[in-house]
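The values are calculated or read from the model by the stated rules, or taken from the named source; none is laboratory data. What you are looking at is a predicted structure, and each value in this text was computed from that prediction instead of being measured. Every residue, glycine among them, receives a Cβ derived from its backbone with ideal geometry; neighbour counts consider all protein chains shown.
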Amino acid sequence: MNKSQTLKLLDKTQSGCSPKMINAHAYNITVRQIGADTQVLFEARVRELPDVVDFGETWEEAYGLAVDSIETIAEVMAEHNGSMPQPTDVQGLNRNSERQA
């Protein structure tokens, strides 16, 4: 993710937690294996930042790139007095859906 892509995300995020206090690993990062042409890659997406998509040759590389993107966005947000969206409690969402069923 380059700086111009990061700045575009700045406008799309909502108020949440302070950029200086984020734990990038608390965000919901999904990594899946995909086939791109003849090469197998891993795609990482961040639920709270839907425009973040990173690719790596291994699961660990894709996950690490997503963490780096989250941290980079947090830094840009701090520079522009913005705030990061809070990590979503997916387990809490699952419990609420089970109660409604």
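Give me the pairs: first residue in the stretch 48-66 and under 10 Å from Arg32 (Cα atoms), second residue among the aromatic types (Phe, Trp, Tyr), beta-carbon distance under 6 Å, and six or more apart or on different chains, which are they?
Final answer for the pair search is Trp59/Phe42; Ala62/Phe42.
Quick one: in the stretch 32-55, which of the residues that are farther than 12 Å from Ser69 by Cβ and small (Gly, Ala, Ser) is modelled with the lowest pLDDT?
Once the filter is applied, the top-ranked residue is Ala36.
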